[in-house]
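As structure tokens, the structure follows; a few thoughts come after it.
What follows is calculated from the coordinates using simple rules that are stated; it is not laboratory data. Please read these numbers as outputs of a predicted model, since none were measured by experiment. Positions of Cβ are generated from backbone atoms using ideal geometry, with glycine treated the same way; all protein chains shown enter the neighbour counts.
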Amino acid sequence: MYDFDSNLVVVSGPSGAGKDTIVSRLLEKDDSFSLSVSATTRAPRGEEVDGENYYFLTVEQFEEKISNNGFVEYAKYGSNYYGTLKCDVEARIENGKTVILVIEVNGAANIKKLYPGSLSIFVMPPSETVLENRLRNRQTDSEEAILKRMDIAKTEISRSKDYDYIVINDELDKAVEDAYEIIKNQRK
Ligand code: 5GP
């Protein structure tokens, strides 16, 4: 049995907080880090590639994997399923990697229950106003979608106290450094 606990890092944060950017910088910085590729039933967006960004599954395929015990955790977010694949995480840990899971708050809570020694980091925007401005500046969402994301963000932020660490993403370089130090210290 592999030691999952000390090799798992969970990163969550509201949409627009910058968690994906921080994680891609961490992956560039240290090749002992590896990003878990989740499965989802949502449709691919833009340039997303199957097997790279996500494994894009039908609802039937996803539910079959649930019954075959194929997920470490899974959750519904909006109307879609998202799940961390056991085989994907295991393969990365067997390769000696520290595996980063970028997942929403319910999945993160399940991981903490299953693997109490795992590390959890919440990426926090400096303020709600900054978050709203970032979402608006993306210019990809309608007004309604922005307000919905802000609503979800407030609920997510209220769960940030359940995480081991909160990294405030005010200045990107500093946030990346902070997250890096936290992970490195944990792995010592
Ligand atoms: P998006 O559709 O924007 O790619 O992702 C929506 C939310 O689902 C994000 O908060 C993302 O971190 C989360 N997510 C992605 N993969 C997983 C997963 O495997 N499990 C859980 N619980 N959440 C996930």
Q: Please state which one of 170, 151 is of a type in the set (Asp, Glu) and assigned to a loop (DSSP other than H, G, I, E, B).
A: 170
Q) Among the listed residues 185, 95, which satisfies the condition of being away from the ligand (no atom under 15 Å from the Cβ), touching a Ser or Thr at 6+ places or on another chain (Cβ under 9 Å) and among the polar types (S, T, N, Q)? A) 95
Q.
I'm trying to understand the selection: among the residues of segment 75-96, which are crowded, with 18+ Cβ neighbours inside 10 Å and of a type in the set (D, E, K, R)?
A. 88, 92
**Q.** Scope segment 112-143; condition touching a strand residue (DSSP E or B) at 6+ places or on another chain (Cβ under 8 Å), surrounded by 14 or more Cβ atoms within 10 Å (Cβ to Cβ) and farther than 27 Å from residue 174 by Cα; matching residues
**A.** 115
Q: Would you be able to say whether some residue in segment 26-46 is away from the ligand (no atom under 13 Å from the Cβ), within 28 Å of residue 145 (Cα to Cα) and either within 17 Å of the chain's Cα centre (by Cα) or small (Gly, Ala, Ser) (or both)?
A: no
Q | First in segment 170-188 and without any contact (Cβ under 8 Å) to a residue 40 or more places away in the chain, second anywhere and of a type in the set (Lys, Arg), Cβ under 9 Å, 6 or more apart | A | 173/25
